[in-house]
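Here the structure is laid out as structure tokens; the discussion comes afterwards.
The values are calculated or read from the model by the stated rules, or taken from the named source; none is laboratory data. Quantities reported herein were computed from a predicted structural model and do not represent experimental measurements. Cβ: placed from backbone, ideal geometry, glycine included. Neighbour counts: every protein chain shown. Quick note on the areas: whole protein, heavy atoms, side chains included, nothing else; ligands and nucleic acids left out. Shrake-Rupley method; radii C 1.70, N 1.55, O 1.52, S 1.80 Å.
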Amino acid sequence: MESSLSLLQLVVLALVQGITEFLPVSSSAHLILPAALTDWPDQGLAFDVAVHFGTLVAVTAYFRRDLAGFARSGVALAMHRRWDDKLDLLAKVGIATIPVVIVGLFMKPVIEAHLRTTTIIAAATIVFGIALWLADRHRGERITPSYFQATLIGLAQAVALVPGTSRSGITIAAALALGLARPAAARFSFLLSIPAIAGAAIYTVLDAGPDTPLPWMDLGLGFALAGASAFVCIAAFIRFVERIGMTPFVIYRVVLGVALLALA
């Protein structure tokens with residue numbers, strides 16, 4: 001089957017998804033720009049799912065040691081009833097995931113129908129960018145959140161269902177505001193992304209039902225490009241976040257939001 005995507009469109013959209021999924025800059029805001037500035041056709045559900053699974057593979061690959069540690073601790077719990085710090089962190093990730101699942105299940109139709117406008121995405125990009133800057137000014141030195149703090153970060157992640165908010169941006173902002181250090185805030189946010197991305201992709205497939213797929217070559221290339229670029233971004237962000245801080249991302253978000261408002 002001939003693809004409806006040109007090679008340029010495929011590469012650009014896959015890289016945009018991969019690069020912006022984990023940076024605190026809003027992937028939905030960036031995906032508006034190609035559609036607004038070009039006459040490209042919609043990439044389709046199959047391609048969206050492929051690039052999201054690419055970013056999921058990237059984050060699981062980066063945190064493979066953490067995930068293996070969770071598995072080992074789970075076995076130790078089952079065999080020896082031994083609870084450790086890894087299980088404690090995993091439980092906090094689980095608790096923080098609950099709000100986005102509940103809100104997503106009940107509010108998805110409202111969000112799809114009323115909140116996917118350029119104006120709302122632009123406003124959210126700016127407002128939550130400023131929130132990230134304010135949170136970064138009041139960061140602390142904690143390396144893990146408490147259970148109550150994990151719940152609050154989870155509630156913040158549910159707000160990220162509003163397009164333009166940025167899942168990573170608002171969860172990192174919440175973690176910083178609650179006293180986590182920058183690397184710890186980023187790490188918890190990225191661990192939290194694993195069930196969030198997996199759940200969203202699976203829900204999208206089940207909700208859509210049968211769909212005409214793009215050629216496997218396109219899906220594979222989109223998957224690979226999104227995954228590779230996401231892995232590089234995660235590694236770079238974790239490595240340099242303490243030094244660069246959040247201000248460059250805040251400035252970028254405000255400029256992007258203003259540009260989107262101009263296009264609205």
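Before moving on, here are some points about what is shown:
- Overall, the anisotropy analysis places region 127-167 in the oblate class: the square-rooted eigenvalues a ≥ b ≥ c of its C-alpha gyration tensor yield a/c not less than 1.5, with a/b not exceeding b/c.
- Rg and Dmax of the chain, both derived from C-alpha coordinates alone, stand at 18.4, 60 Å.
- Between the helical axis of 167-177 and the longest alpha-carbon principal axis of the chain there is an angle of about 30 degrees.
- Computed on the Cα atoms alone, the convex hull of region 24-80 gives a volume of 109 cubic angstrom per residue.
- Mean silhouette area of region 138-233, derived from the convex hull of its C-alpha atoms and averaged over all directions, reads 7.4 nm².
- Segments 101-108, 148-155, 17-24, 159-166 sorted - mean Cβ within 10 Å per residue, highest first: 17-24, 159-166, 148-155, 101-108
- Cα-based shape type of region 93-199, given that a ≥ b ≥ c are square roots of the gyration tensor eigenvalues and the cut on a/c is 1.5: oblate
- Heavy-atom accessible surface of region 1-154, averaged per residue, reaches 54 Å², computed with a 1.4 Å probe.
- The string of couplings for region 96-102 from the Karplus curve (6.51, -1.76, 1.60, θ = phi - 60°) is 5, 7, 4, x, 5, 5, 5 Hz, one whole number per residue in order, with x for Gly and Pro.
- Whole-percent carbon and sulfur share, accessible surface of the chain, 1.4 Å: 69
- For region 36-155, pairs of C-alpha atoms spaced more than 16 angstrom apart make up 79 percent of the total.
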